[in-house]
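*Asks:* Quick one: the structure is below, questions incoming.
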Amino acid sequence: MMIDLTNKVALVTGGSRGIGAAICQQLAHAGASISLTYASDKRSAERCATNVRAAGRKCIITKTAVSLSQNVNSVVRNTLKEFGRIDILVNNAGVWKAGEIGKMTEQQWDETLDINLKGTFLFCNAIAPVMRKQRWGRIINIASTAGQRGEARYSHYAASKAGMIAFTKSVAVELAPFNINANCIAPGWVDTDMTADALRGVRRKRIESGIPRGKVATPDDIAGAALFLASNLADHIIGTTISVNGGGVLI
Ligand code: NAD
């Protein structure tokens, strides 16, 4: 069975670059129209939209602070105005900033939890009624290995991602009767702007030696799992977390 998302509409947060942009491309190539949000980098968002249109699909872009409900409600409204439906929601926008316990400021904690976890809640809360009415929907939340095993010096980030995993399991049960599947993807190390500094020079070799597959993921490695979860191949998958880490979480 081929994956066919013709006539489906996907809303991808943080779709301007990195993993989010790769997800937009793969969903568009499978036939979906795309509504993507970005935080500040309009040029990257426009580049991603151009690539989606080159694949023959429609794309709208909206600057959105994902932790503000007015922003979230307005991007949902705009997407519905443009496309009339939202079939696939990908909560991908996120930040990863170091903060040692004992030194972390309340502001650092709040920023990470607000963007990663509250943003996911706001989008799910706004779009669940739309998907329920359609009697079809896919929610794909981009978590992290940090949410599965913790991450020293990133406890706020790990807590936000573990929160996403538990949140997803909970809403998955509420939404499954409406033919709406909610699941997470937990990437390990991925080559994006987020990790560019951490993966520079000799540190990259050390990190790769801790991954059984011996390499850091590309954004497309993660997007493949999203494409699968968005498709009918994943009809019976509810509330799970797909680990995409080259085996890194096992050792
Ligand atoms: P990235 O920094 O390249 O992209 C992050 C995206 O989030 C950007 O598009 C940005 O616009 C958006 N964003 C950030 N803050 C925002 C805000 N306040 N409001 C709205 N949007 C905001 O990073 P990436 O590696 O592509 O990360 C995508 C997701 O994957 C994140 O949730 C991240 O936690 C997760 N992840 C990444 C890795 C990795 O190694 N890169 C590993 C595990 C999980």
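*Asks:* Residue 42: which lysines have alpha carbons under 25 Å from its alpha carbon, excluding same-chain residues fewer than 8 sequence positions away?
*Replies:* Qualifying lysines at Cα under 25 Å: 8, 58, 63, 81, 97, 118.
*Asks:* Once both labels are modelled 7 Å past Cα along the beta-carbon direction, what's the residue 136-residue 7 spacing in nm?
*Replies:* 0.7 nm
*Asks:* Just grab the label-to-label distance for residue 107 and residue 204, each label 7 Å out from Cα along the Cβ direction, in nm (one decimal).
*Replies:* Here the modelled spin labels are 3.3 nm apart.
*Asks:* If each residue of separation counts as 0.36 nm, what is the full-extension length gain between residue 193 and residue 42 once their alpha-carbon separation is subtracted?
*Replies:* On the way: separation 151, 0.36 × 151 = 54.36 nm, distance 1.53 nm.
Extending this stretch completely gives an extra 52.8 nm.
*Asks:* Between residue 125 and residue 250, take the C-beta separation as r, use R0 = 45 Å, and let me know the FRET efficiency to the nearest 0.05. Walk me through the numbers on the way to the answer.
*Replies:* Values: r = 34 Å, r/R0 = 0.76.
So, using R0 = 45 Å, E works out to roughly 0.85.
*Asks:* Would you compute, from DSSP H runs of 4+ residues alone, the mean residue ellipticity of the chain at 222 nm, taking -39500 (n - 2.57) per run and dividing by the full residue count, rounded to the nearest 500? If you can, show how the numbers build up before the last one.
*Replies:* Values: 9 runs with 109 residues, N = 251.
Helix-only estimate at 222 nm: -13500 deg cm²/dmol.
*Asks:* Measuring from label point to label point, each 7 Å out along Cα→Cβ, what is the residue 173 to residue 149 span in nm?
*Replies:* About 2.8 nm separates the two model spin labels.
*Asks:* Can you give the direction-averaged projected area of the convex hull of the alpha-carbon atoms in the chain, in nm²? Before the final figure, lay out the partial values.
*Replies:* Details: hull surface 53.1 nm².
Directional mean of the projected Cα hull area for the chain stands at 13.3 nm².
*Asks:* To the nearest 0.05, what FRET efficiency results for residue 97 and residue 218 with a Förster distance of 22 Å applied to their C-beta separation?
*Replies:* Details: r = 23 Å, r/R0 = 1.04.
The calculated FRET efficiency here is 0.45.
*Asks:* Identify all aspartates and glutamates with a Cα-Cα distance to residue 205 below 17 Å; exclude those on the same chain that are fewer than 8 residues away in sequence.
*Replies:* 191, 197
*Asks:* Something else about it: Sum up the charges of everything whose Cβ sits under 13 Å from the Cβ of residue 74, counting Lys and Arg as +1 and Asp and Glu as -1, but leave residue 74 out.
*Replies:* +2
Since every read-out is calculated from the coordinates, none of them should be taken as a lab result. Since the structure is predicted, the reported quantities are computational estimates derived from the model, not experimental observations. In this analysis, Cβ positions are derived from the backbone assuming ideal geometry, glycine residues included, and neighbour counts consider all displayed protein chains.
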